[in-house]
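Take a look at the structure set out below.
The values are calculated or read from the model by the stated rules, or taken from the named source; none is laboratory data. What you see is a predicted model; the values in this text were computed from it and never measured. As a convention, Cβ positions derive from the backbone with ideal geometry for all residues, glycine included, and neighbour counts pool all protein chains shown.
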Amino acid sequence: MAPLDLTRLERIDWNFPRATTLRGSVQSIHWFPGNFIGQIPSALIQVLSNPGDLVLDPFAGSATTAIEALKLKRKVIASDRLSAFRLIANAKLALLTNGLNNDFLTRLRNKLVFEQQCRTSTIGCRGEGGNPDLSNWYSDDTLSQLKFLWKEVENAPPKEGLVLRAIFSDILFQCASTPGSKTRTGKKRRHHWGWVADNVHPRTLVNHNVIELFRERVEALPRQSSFEQFNLHHALVVQQDARSLAITNNAVDLIVTSPPYIGMIDYTHANRLLYLWMNWPLVDERKDEIGARYRRSRRNLLAEYTKDMETCRDEMYRVLRKQGLCAIVLGESQKYPGTATQIFELFSELMPLVWGPLPRTPTRRRVSDRLAAEPIEHIAVFQKL
(Lines give C-alpha, C1' and ligand atoms only; values in the text may rest on other atoms or scores of the structure.)
Protein backbone atom coordinates (compact mmCIF):
# COMPACT_ATOMS: atom_id res chain seq x y z
CA MET A 1 0.00 0.00 0.00
CA ALA A 2 1.46 3.34 -1.07
CA PRO A 3 1.98 5.93 1.69
CA LEU A 4 -0.36 8.90 1.56
CA ASP A 5 1.04 12.39 1.03
CA LEU A 6 -1.41 15.01 2.28
CA THR A 7 0.80 17.84 1.01
CA ARG A 8 -0.59 17.03 -2.44
CA LEU A 9 -3.83 18.65 -1.29
CA GLU A 10 -2.03 22.01 -1.19
CA ARG A 11 -1.32 21.86 -4.92
CA ILE A 12 -4.99 21.67 -5.90
CA ASP A 13 -7.10 24.70 -6.85
CA TRP A 14 -10.18 23.69 -4.89
CA ASN A 15 -12.33 26.33 -6.58
CA PHE A 16 -12.09 24.33 -9.83
CA PRO A 17 -12.96 27.47 -11.83
CA ARG A 18 -13.45 25.65 -15.15
CA ALA A 19 -15.23 22.61 -13.76
CA THR A 20 -18.41 21.45 -15.45
CA THR A 21 -20.55 18.34 -15.73
CA LEU A 22 -20.45 17.12 -19.31
CA ARG A 23 -23.74 16.53 -21.07
CA GLY A 24 -24.35 12.81 -21.46
CA SER A 25 -21.92 11.83 -18.70
CA VAL A 26 -22.97 9.50 -15.91
CA GLN A 27 -22.97 12.38 -13.42
CA SER A 28 -25.34 14.40 -15.63
CA ILE A 29 -28.30 12.04 -15.77
CA HIS A 30 -30.15 13.61 -12.82
CA TRP A 31 -30.16 16.99 -11.11
CA PHE A 32 -29.91 17.10 -7.32
CA PRO A 33 -30.08 20.04 -4.91
CA GLY A 34 -26.74 21.03 -3.43
CA ASN A 35 -24.67 18.27 -5.01
CA PHE A 36 -20.97 18.97 -5.31
CA ILE A 37 -18.96 18.69 -8.51
CA GLY A 38 -17.23 15.38 -9.14
CA GLN A 39 -13.79 17.00 -9.16
CA ILE A 40 -13.93 17.49 -5.37
CA PRO A 41 -14.42 13.85 -4.29
CA SER A 42 -12.19 12.68 -7.14
CA ALA A 43 -9.27 14.77 -5.88
CA LEU A 44 -9.83 13.77 -2.25
CA ILE A 45 -10.08 10.08 -3.08
CA GLN A 46 -6.91 10.13 -5.19
CA VAL A 47 -4.85 11.77 -2.44
CA LEU A 48 -6.38 10.16 0.66
CA SER A 49 -6.70 6.51 -0.39
CA ASN A 50 -5.22 3.73 -2.49
CA PRO A 51 -6.80 1.54 -5.19
CA GLY A 52 -8.86 -1.21 -3.59
CA ASP A 53 -9.66 0.83 -0.47
CA LEU A 54 -13.25 1.09 0.76
CA VAL A 55 -14.73 4.61 0.54
CA LEU A 56 -17.93 5.66 2.33
CA ASP A 57 -20.20 8.62 1.67
CA PRO A 58 -22.92 8.67 4.38
CA PHE A 59 -24.63 11.69 2.76
CA ALA A 60 -24.38 10.34 -0.77
CA GLY A 61 -27.13 12.47 -2.36
CA SER A 62 -26.83 11.78 -6.09
CA ALA A 63 -23.93 9.33 -5.63
CA THR A 64 -21.27 11.70 -6.96
CA THR A 65 -18.62 10.34 -4.58
CA ALA A 66 -19.55 6.74 -5.41
CA ILE A 67 -19.10 7.22 -9.14
CA GLU A 68 -15.74 8.93 -8.74
CA ALA A 69 -14.56 6.22 -6.34
CA LEU A 70 -15.40 3.44 -8.79
CA LYS A 71 -13.63 5.28 -11.60
CA LEU A 72 -10.54 5.36 -9.40
CA LYS A 73 -10.69 1.59 -8.71
CA ARG A 74 -11.91 1.91 -5.13
CA LYS A 75 -14.74 0.03 -3.49
CA VAL A 76 -17.55 2.22 -2.23
CA ILE A 77 -20.60 2.38 0.01
CA ALA A 78 -23.10 5.05 -1.02
CA SER A 79 -25.51 5.74 1.81
CA ASP A 80 -28.37 8.19 2.22
CA ARG A 81 -31.85 8.17 3.75
CA LEU A 82 -33.82 9.44 0.72
CA SER A 83 -35.76 7.23 -1.68
CA ALA A 84 -34.76 9.69 -4.42
CA PHE A 85 -31.10 8.91 -3.65
CA ARG A 86 -31.65 5.19 -4.14
CA LEU A 87 -33.26 5.73 -7.55
CA ILE A 88 -30.49 8.05 -8.77
CA ALA A 89 -27.60 6.03 -7.32
CA ASN A 90 -28.80 2.73 -8.78
CA ALA A 91 -29.25 4.39 -12.17
CA LYS A 92 -25.76 5.89 -12.20
CA LEU A 93 -24.16 2.63 -11.13
CA ALA A 94 -26.12 0.66 -13.74
CA LEU A 95 -24.95 3.06 -16.43
CA LEU A 96 -21.34 3.15 -15.23
CA THR A 97 -21.01 -0.62 -14.97
CA ASN A 98 -23.00 -1.61 -18.03
CA GLY A 99 -23.81 1.21 -20.44
CA LEU A 100 -27.03 1.12 -22.47
CA ASN A 101 -27.75 -1.86 -24.71
CA ASN A 102 -27.78 -0.82 -28.37
CA ASP A 103 -30.51 -3.28 -29.39
CA PHE A 104 -32.77 -1.98 -26.64
CA LEU A 105 -32.13 1.61 -27.72
CA THR A 106 -33.10 0.77 -31.29
CA ARG A 107 -36.41 -0.70 -30.12
CA LEU A 108 -37.04 2.32 -27.89
CA ARG A 109 -36.35 4.75 -30.74
CA ASN A 110 -38.86 2.95 -32.93
CA LYS A 111 -41.56 3.29 -30.29
CA LEU A 112 -41.02 7.06 -30.08
CA VAL A 113 -41.02 7.85 -33.81
CA PHE A 114 -44.61 9.13 -34.04
CA GLU A 115 -44.67 11.66 -31.21
CA GLN A 116 -48.36 12.55 -31.51
CA GLN A 117 -49.29 8.95 -30.76
CA CYS A 118 -47.10 8.77 -27.65
CA ARG A 119 -49.83 9.47 -25.14
CA THR A 120 -51.91 7.50 -22.69
CA SER A 121 -54.17 8.00 -19.69
CA THR A 122 -53.08 4.72 -18.10
CA ILE A 123 -51.19 5.02 -14.82
CA GLY A 124 -48.31 2.80 -13.71
CA CYS A 125 -48.58 -0.69 -12.25
CA ARG A 126 -48.25 0.69 -8.71
CA GLY A 127 -50.33 3.78 -9.37
CA GLU A 128 -47.41 5.90 -10.60
CA GLY A 129 -48.63 9.08 -12.24
CA GLY A 130 -52.05 8.86 -10.63
CA ASN A 131 -51.66 11.49 -7.91
CA PRO A 132 -54.20 14.26 -8.63
CA ASP A 133 -51.75 16.94 -7.46
CA LEU A 134 -49.67 16.30 -10.59
CA SER A 135 -52.28 18.29 -12.54
CA ASN A 136 -51.11 21.38 -10.64
CA TRP A 137 -47.66 21.00 -12.19
CA TYR A 138 -48.28 19.65 -15.70
CA SER A 139 -50.72 20.34 -18.52
CA ASP A 140 -53.00 17.48 -19.59
CA ASP A 141 -50.98 16.89 -22.75
CA THR A 142 -47.66 16.89 -20.88
CA LEU A 143 -49.06 14.49 -18.29
CA SER A 144 -50.34 12.07 -20.94
CA GLN A 145 -46.88 11.98 -22.54
CA LEU A 146 -45.28 11.34 -19.16
CA LYS A 147 -47.65 8.44 -18.54
CA PHE A 148 -46.80 6.98 -21.94
CA LEU A 149 -43.09 7.18 -21.21
CA TRP A 150 -43.55 5.63 -17.80
CA LYS A 151 -45.09 2.53 -19.38
CA GLU A 152 -41.97 2.22 -21.54
CA VAL A 153 -39.80 2.60 -18.44
CA GLU A 154 -41.77 -0.12 -16.66
CA ASN A 155 -41.39 -2.50 -19.61
CA ALA A 156 -37.64 -1.96 -20.03
CA PRO A 157 -35.11 -4.67 -19.03
CA PRO A 158 -33.91 -4.34 -15.41
CA LYS A 159 -30.61 -2.48 -15.95
CA GLU A 160 -31.96 -0.22 -18.68
CA GLY A 161 -35.05 0.38 -16.55
CA LEU A 162 -32.91 1.71 -13.70
CA VAL A 163 -31.29 4.26 -16.00
CA LEU A 164 -34.55 5.29 -17.66
CA ARG A 165 -36.18 5.85 -14.27
CA ALA A 166 -33.58 8.48 -13.45
CA ILE A 167 -33.91 10.16 -16.86
CA PHE A 168 -37.68 10.18 -16.43
CA SER A 169 -37.39 11.69 -12.95
CA ASP A 170 -35.08 14.40 -14.23
CA ILE A 171 -37.59 15.27 -16.95
CA LEU A 172 -40.35 15.54 -14.33
CA PHE A 173 -38.45 18.50 -12.90
CA GLN A 174 -37.69 19.96 -16.32
CA CYS A 175 -41.32 19.80 -17.48
CA ALA A 176 -42.64 21.62 -14.41
CA SER A 177 -41.09 24.83 -15.74
CA THR A 178 -42.99 27.65 -17.43
CA PRO A 179 -40.81 29.12 -20.19
CA GLY A 180 -41.04 32.88 -20.44
CA SER A 181 -42.65 33.40 -17.04
CA LYS A 182 -41.66 36.44 -15.01
CA THR A 183 -40.96 37.23 -11.39
CA ARG A 184 -42.86 39.95 -9.51
CA THR A 185 -40.17 42.45 -10.52
CA GLY A 186 -40.49 41.58 -14.21
CA LYS A 187 -37.31 39.52 -14.50
CA LYS A 188 -37.19 36.10 -16.13
CA ARG A 189 -38.13 33.43 -13.61
CA ARG A 190 -35.37 30.84 -13.33
CA HIS A 191 -36.56 27.27 -12.90
CA HIS A 192 -35.13 26.33 -9.52
CA TRP A 193 -35.63 23.52 -7.05
CA GLY A 194 -36.64 26.10 -4.42
CA TRP A 195 -39.96 26.70 -6.20
CA VAL A 196 -40.72 22.98 -6.14
CA ALA A 197 -39.57 22.63 -2.53
CA ASP A 198 -41.86 25.47 -1.47
CA ASN A 199 -44.76 23.94 -3.44
CA VAL A 200 -45.11 27.03 -5.65
CA HIS A 201 -47.15 25.77 -8.61
CA PRO A 202 -46.56 27.20 -12.10
CA ARG A 203 -48.83 30.17 -12.76
CA THR A 204 -49.53 28.91 -16.26
CA LEU A 205 -49.37 25.29 -17.37
CA VAL A 206 -47.64 24.92 -20.73
CA ASN A 207 -47.31 21.96 -23.07
CA HIS A 208 -43.86 20.39 -23.26
CA ASN A 209 -42.59 18.01 -25.90
CA VAL A 210 -41.76 15.35 -23.34
CA ILE A 211 -41.01 12.69 -25.95
CA GLU A 212 -38.36 14.84 -27.62
CA LEU A 213 -36.80 15.78 -24.28
CA PHE A 214 -36.64 12.13 -23.28
CA ARG A 215 -35.21 11.06 -26.63
CA GLU A 216 -32.49 13.72 -26.53
CA ARG A 217 -31.44 12.69 -23.04
CA VAL A 218 -31.31 8.99 -23.89
CA GLU A 219 -29.35 9.57 -27.11
CA ALA A 220 -26.68 11.46 -25.17
CA LEU A 221 -25.99 8.58 -22.77
CA PRO A 222 -22.97 6.26 -23.10
CA ARG A 223 -23.41 3.00 -25.01
CA GLN A 224 -22.05 -0.42 -24.12
CA SER A 225 -19.66 -0.42 -27.07
CA SER A 226 -18.05 2.92 -26.18
CA PHE A 227 -17.93 2.70 -22.41
CA GLU A 228 -15.31 1.45 -19.98
CA GLN A 229 -17.15 -0.93 -17.70
CA PHE A 230 -16.63 -1.10 -13.95
CA ASN A 231 -17.30 -3.81 -11.39
CA LEU A 232 -20.74 -3.36 -9.85
CA HIS A 233 -19.74 -5.73 -7.03
CA HIS A 234 -17.37 -3.01 -5.77
CA ALA A 235 -20.32 -0.71 -4.99
CA LEU A 236 -23.08 -0.93 -2.40
CA VAL A 237 -26.11 1.38 -2.33
CA VAL A 238 -27.79 1.53 1.08
CA GLN A 239 -30.81 3.62 2.01
CA GLN A 240 -30.17 4.42 5.65
CA ASP A 241 -29.78 7.29 8.08
CA ALA A 242 -26.26 8.62 8.73
CA ARG A 243 -27.13 8.68 12.43
CA SER A 244 -27.44 4.88 12.44
CA LEU A 245 -25.20 3.16 9.90
CA ALA A 246 -25.57 -0.57 9.30
CA ILE A 247 -21.82 -0.95 8.80
CA THR A 248 -19.42 -2.91 10.99
CA ASN A 249 -16.82 -1.21 13.17
CA ASN A 250 -13.49 -0.20 11.61
CA ALA A 251 -14.59 -1.31 8.13
CA VAL A 252 -14.02 1.84 6.06
CA ASP A 253 -10.68 3.19 4.80
CA LEU A 254 -11.87 6.67 3.83
CA ILE A 255 -14.95 8.84 4.28
CA VAL A 256 -15.66 11.59 1.75
CA THR A 257 -18.90 13.45 2.26
CA SER A 258 -20.75 16.76 2.24
CA PRO A 259 -23.29 16.87 5.09
CA PRO A 260 -26.42 19.04 4.85
CA TYR A 261 -25.86 22.76 5.40
CA ILE A 262 -27.99 24.13 8.20
CA GLY A 263 -31.27 25.68 7.05
CA MET A 264 -30.27 25.77 3.38
CA ILE A 265 -31.83 22.83 1.50
CA ASP A 266 -34.97 20.69 1.66
CA TYR A 267 -33.81 17.49 -0.01
CA THR A 268 -37.14 15.71 0.23
CA HIS A 269 -39.25 18.71 -0.75
CA ALA A 270 -36.92 19.54 -3.64
CA ASN A 271 -37.70 16.09 -5.09
CA ARG A 272 -41.43 16.61 -4.52
CA LEU A 273 -42.38 15.84 -8.14
CA LEU A 274 -40.70 12.43 -8.05
CA TYR A 275 -42.39 11.62 -4.74
CA LEU A 276 -45.76 12.66 -6.19
CA TRP A 277 -45.25 10.51 -9.27
CA MET A 278 -44.04 7.45 -7.36
CA ASN A 279 -46.52 7.87 -4.47
CA TRP A 280 -43.64 7.85 -2.01
CA PRO A 281 -44.27 9.08 1.58
CA LEU A 282 -42.87 12.60 1.35
CA VAL A 283 -44.03 13.68 4.80
CA ASP A 284 -42.53 10.60 6.45
CA GLU A 285 -39.15 11.08 4.79
CA ARG A 286 -38.88 14.79 5.46
CA LYS A 287 -39.49 14.64 9.21
CA ASP A 288 -36.03 13.29 10.06
CA GLU A 289 -34.11 15.44 7.58
CA ILE A 290 -31.02 17.02 9.17
CA GLY A 291 -30.88 20.83 9.16
CA ALA A 292 -33.81 21.11 6.75
CA ARG A 293 -34.58 24.49 5.20
CA TYR A 294 -38.28 24.31 6.09
CA ARG A 295 -37.24 24.39 9.78
CA ARG A 296 -35.08 27.51 9.33
CA SER A 297 -37.34 29.68 11.51
CA ARG A 298 -37.24 27.37 14.52
CA ARG A 299 -35.41 28.77 17.52
CA ASN A 300 -33.77 25.46 18.36
CA LEU A 301 -32.66 24.58 14.81
CA LEU A 302 -28.96 25.13 15.56
CA ALA A 303 -29.10 22.96 18.68
CA GLU A 304 -30.94 20.20 16.78
CA TYR A 305 -28.50 20.38 13.89
CA THR A 306 -25.46 20.23 16.17
CA LYS A 307 -26.87 17.25 18.04
CA ASP A 308 -27.64 15.41 14.80
CA MET A 309 -24.18 16.11 13.42
CA GLU A 310 -22.60 14.88 16.64
CA THR A 311 -24.49 11.60 16.27
CA CYS A 312 -23.36 11.34 12.65
CA ARG A 313 -19.79 12.04 13.72
CA ASP A 314 -19.92 9.21 16.26
CA GLU A 315 -21.16 6.78 13.61
CA MET A 316 -18.54 7.88 11.09
CA TYR A 317 -15.83 7.47 13.73
CA ARG A 318 -17.13 4.00 14.60
CA VAL A 319 -17.05 2.62 11.05
CA LEU A 320 -13.72 4.23 10.09
CA ARG A 321 -10.63 2.09 10.61
CA LYS A 322 -7.74 3.33 12.74
CA GLN A 323 -5.52 5.73 10.81
CA GLY A 324 -8.39 6.13 8.33
CA LEU A 325 -9.17 9.61 7.01
CA CYS A 326 -12.41 11.56 6.94
CA ALA A 327 -12.87 14.44 4.45
CA ILE A 328 -15.75 16.84 5.05
CA VAL A 329 -17.07 19.53 2.69
CA LEU A 330 -19.35 21.93 4.55
CA GLY A 331 -20.80 25.31 3.69
CA GLU A 332 -21.41 28.40 5.78
CA SER A 333 -24.95 29.56 6.45
CA GLN A 334 -25.70 33.28 6.25
CA LYS A 335 -28.24 32.95 9.04
CA TYR A 336 -25.98 30.82 11.25
CA PRO A 337 -22.43 32.11 10.64
CA GLY A 338 -19.66 30.05 12.19
CA THR A 339 -21.64 26.81 12.10
CA ALA A 340 -19.15 25.09 9.80
CA THR A 341 -16.31 25.94 12.19
CA GLN A 342 -18.38 24.63 15.09
CA ILE A 343 -19.02 21.32 13.31
CA PHE A 344 -15.35 20.94 12.42
CA GLU A 345 -14.46 21.49 16.08
CA LEU A 346 -17.01 18.82 16.97
CA PHE A 347 -15.31 16.33 14.63
CA SER A 348 -11.85 17.22 15.94
CA GLU A 349 -12.90 16.15 19.45
CA LEU A 350 -12.76 12.53 18.23
CA MET A 351 -10.54 12.77 15.17
CA PRO A 352 -7.62 15.23 15.00
CA LEU A 353 -7.71 17.75 12.17
CA VAL A 354 -4.84 16.92 9.78
CA TRP A 355 -5.59 19.33 6.92
CA GLY A 356 -7.72 22.46 6.46
CA PRO A 357 -10.24 23.85 6.89
CA LEU A 358 -9.67 25.41 3.48
CA PRO A 359 -12.31 27.82 2.12
CA ARG A 360 -13.47 27.49 -1.47
CA THR A 361 -15.87 29.50 -3.60
CA PRO A 362 -18.17 27.28 -5.67
CA THR A 363 -18.44 28.10 -9.37
CA ARG A 364 -22.19 27.61 -9.13
CA ARG A 365 -24.57 28.17 -6.27
CA ARG A 366 -25.26 24.88 -4.51
CA VAL A 367 -27.92 26.22 -2.18
CA SER A 368 -30.89 28.57 -2.21
CA ASP A 369 -29.55 31.79 -0.72
CA ARG A 370 -32.13 34.56 -1.01
CA LEU A 371 -29.52 37.08 0.24
CA ALA A 372 -27.41 36.29 -2.83
CA ALA A 373 -24.27 36.50 -0.68
CA GLU A 374 -21.04 34.96 -1.91
CA PRO A 375 -21.27 31.21 -1.19
CA ILE A 376 -18.38 29.80 0.82
CA GLU A 377 -17.59 26.17 1.55
CA HIS A 378 -14.82 24.66 3.65
CA ILE A 379 -12.92 21.41 3.17
CA ALA A 380 -11.34 19.70 6.16
CA VAL A 381 -9.64 16.33 6.67
CA PHE A 382 -9.60 14.42 9.96
CA GLN A 383 -7.87 11.20 10.99
CA LYS A 384 -8.94 8.47 13.37
CA LEU A 385 -6.06 7.56 15.68
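All of (1) at pLDDT 90 or above; (2) surrounded by fewer than 16 Cβ atoms within 10 Å (Cβ to Cβ) hold for residue 253 with one exception: (2).
All of 216, 228 fail the test of being acidic (Asp, Glu), within 25 Å of residue 27 (Cα to Cα) and at pLDDT below 85, apart from 228.
Scan segment 279-310 for residues that are part of a loop (DSSP other than H, G, I, E, B) and either at negative phi or in contact with a strand residue (DSSP E or B) (Cβ under 6 Å, 6 or more places away or on another chain) (or both) and the total you get is 12. Each residue in segment 133-158 was checked for being in a loop (DSSP other than H, G, I, E, B) and either closer than 23 Å to residue 200 by Cα or in contact with a strand residue (DSSP E or B) (Cβ under 9 Å, 6 or more places away or on another chain) (or both), and 3 pass. Annotation note: of 165, 109, 126, the sole residue that is farther than 24 Å from residue 32 by Cα, assigned to a helix (DSSP H, G or I) and touching a residue at least 60 places away in the same chain (Cβ under 8 Å) is 109.
Residue 105 fulfils the conditions (1) surrounded by fewer than 23 Cβ atoms within 10 Å (Cβ to Cβ); (2) under 27 Å from residue 324 (Cα atoms) except for a single criterion, (2). The residue pairs whose first member lies in segment 280-302 and is among the hydroxyl-bearing types (Ser, Thr, Tyr), whose second member is assigned to a loop (DSSP other than H, G, I, E, B), and whose beta carbons are closer than 6 Å, counting only pairs six or more residues apart or on different chains, are 294/266.
For the condition of a type in the set (A, V, I, L, M, F, W, C), more than 20 Å from the chain's Cα centre (by Cα) and outside the structural domain of residue 123 (by the TED database), residue 242 does not qualify. Restricted to segment 168-202, and to residues there that are of a type in the set (D, E, K, R) and assigned to a loop (DSSP other than H, G, I, E, B), the residue that is modelled with the lowest pLDDT is 189. Of the residues 276, 213, 205, the single one that is part of a helix (DSSP H, G or I) and outside the structural domain of residue 342 (by the TED database) is 213.
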